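Accompanying notes for the structure given below.
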Amino acid sequence: MMELDYWVQPGTDDWAQYQPKITEIHHKLMNKEDAYTGWVDWPQRIDPDVVQDILHTAKDIRQKCTALVVIGIGGSYLGAKACIELLQSPFYNEYYAQQTGHPRIYFAGHHLSTIYYYELLERLANEEICLCVISKSGTTLEPSIAFEMLRGYLRERYGMEEAAKRIYAITDASKGALRAEADEQGYKTFVVPDDIGGRYSVLTPVGLLPIAVAGIDIQAMLNGAAMACKEYDNEDLTKNVCYQYGLLRYVLQQQGKIVEIFEVYEGRLRYFTEWLKQLFGESECKDGKGVIPMSLQMSTDLHSMGQFLQEGRQIFFETTLTVEHIRRDVSLEHSQFAGNVKTMHMLNLIVEDSARKAHMKNNTPNIRLTVADLSARSFGYMVYFFEKACAVSCYLTGVNPFDQPGVEDYKSNIKAALRSE
Ligand code: PA5
């Protein structure tokens, strides 16, 4: 279901040379030898009762409110945001939510923009509200601040008891301040599995609850991920495009290509590339190693970064994520510019191809990953594909894909700074 095409220097794809190393990594991953590898078989072992509970809770949230505020940062919000942007109407909050009886969805806790919060509170004044607060540690500053503020607002509007019924917490099973509060106040809770880290958690309740509230078929998503899980449980590099992509990234890195530019021509994939940036950036860029993930949305960025892609320093490779079928394509039959091209999506593919050909004049390595369509099943499939490819790249690079010491450093600096204030 994921097609891989690539244009690289001869020898970059010497599968036979790397097969022994890939075999070793395959077994290490599938045997879950490292901590935080629970995601490897998660789509096949997620408890169906938890999925049912998520679906019931999503229904309950839909009945209770007209606006759900999802509070989280990093792995605790990017997956849900990426999925909702990818699969829901681009006019979801403005129009579609109300038409279909779904709550509008707002995100909070991923920054400290005072203007944003000021206006969010104004925006919420005319809505019935629920909060979904997500933090594995339960102690991260930005979501904790946003939660305290919004919880206060909720209590003022609804009183303590009703406010507690409108708060849904997704956190560790036993540790952290959020767990303690949720237990004390009786919030409905879901657990972030112990063996799955933040950026690998979108297929757990962390992503599934907000995604289900938005009316997206989470069972189809899990089925797609389970399909990828089965398909890529194959150590044979010649047959495993997920491992091929992971390996190409590594070999390109060895050739001095230290930046990977994720490019999308379908705007609805924009937040998916934000999720990719976190996945690869936090997993791979450590110990002075790794490929820096960047992202561009085309055609927009062809008119800003296109010059760099064409003639800039040759430290990068391009990875285009493209979609084969688009369900609601717009006809161009009356366009004088489009020639014989009949639809907007077809035109987009032509622009993509033309840009690739132009950039390759400079011998820029180019990778294209094609997904069948934009569906819940394909979203789940892509998530698993990239998680596994990322882990393989990291192991080849010689770094631990599942820790984030840099992020933890900044978090402890904040705690120290706040203690001294
Ligand atoms: O991938 C990660 O582990 C991090 O990006 C976390 O998701 C992020 O720091 C948020 O952490 P928490 O869920 O503990 O608030």
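Out of the residues in the stretch 340-358 that are open to solvent by less than 60 Å² (accessible area, probe 1.4 Å) and over 29 Å from the mean Cα position of the chain (by Cα), state the one that is nearest to Phe317 (Cα to Cα).
Only one residue tops the list, namely Ala358.
Considering only residues that are more than 13 Å from Ile211 (Cα to Cα) and open to solvent by less than 10 Å² (accessible area, probe 1.4 Å), which ones fall in the stretch 66-80?
Matches in the stretch 66-80: Ala67, Ile71, Gly72.
Sort out for me the strands (runs of 3 or more DSSP E) sitting completely within the stretch 259-339 that have 1 or more residues that are farther than 30 Å from Asn400 by Cα and of a type outside the set (A, V, I, L, M, F, W, C). Let's see the steps before the verdict.
Working: elements: 259-264, 292-297, 316-325.
Once the strands (runs of 3 or more DSSP E) in the stretch 259-339 are filtered for at least 1 residues that are farther than 30 Å from Asn400 by Cα and of a type outside the set (A, V, I, L, M, F, W, C), what remains is 316-325.
I'm checking my understanding of the structure. Among residues of the stretch 274-296 that are more than 16 Å from the ligand (Cβ to nearest atom) and open to solvent by less than 50 Å² (accessible area, probe 1.4 Å), which one is nearest to the chain's Cα centre (by Cα)?
For the stretch 274-296, the residue satisfying everything is Ser295.
In this structure, is Ala180 part of a helix (DSSP H, G or I), crowded, with 19+ Cβ neighbours inside 10 Å and of a type outside the set (Ser, Thr, Tyr)?
Answer is no for this residue.
Any idea which residue in the stretch 373-401 is farthest from Ala212 (Cα to Cα), counting only those that are buried (at least 21 other Cβ atoms within 10 Å of the Cβ) and within 13 Å of the ligand (Cβ to nearest atom)?
Pro401
Determine whether Gly197 is within 16 Å of the ligand (Cβ to nearest atom) and open to solvent by 10 Å² or more (accessible area, probe 1.4 Å).
Criteria met by Gly197.
Contact list please: Cβ distance under 7 Å, first residue in the stretch 146-164 and within 13 Å of Glu181 (Cβ to Cβ) and in contact (Cβ under 8 Å) with a residue 12 or more places away in the chain, second residue β-branched (Val, Ile, Thr) and buried (at least 19 other Cβ atoms within 10 Å of the Cβ), pairs at least six apart or on different chains.
Matching pairs, first to second residue: Phe147/Ile71; Phe147/Val133; Arg151/Ile167.
Name every residue in the stretch 232-273 that is under 19 Å from Phe379 (Cα atoms), open to solvent by 10 Å² or more (accessible area, probe 1.4 Å) and within 21 Å of the chain's Cα centre (by Cα), in order of residue number.
Val241, Tyr265, Glu266, Gly267, Arg268, Arg270, Tyr271
The values are calculated or read from the model by the stated rules, or taken from the named source; none is laboratory data. Predicted, not measured: the structure shown is a model, and the values here were computed from it. Positions of Cβ are generated from backbone atoms using ideal geometry, with glycine treated the same way; all protein chains shown enter the neighbour counts. For the accessible areas, the whole protein counts, side chains as well, though only heavy atoms, and no ligand, DNA or RNA atoms are used. Shrake-Rupley method; radii C 1.70, N 1.55, O 1.52, S 1.80 Å.
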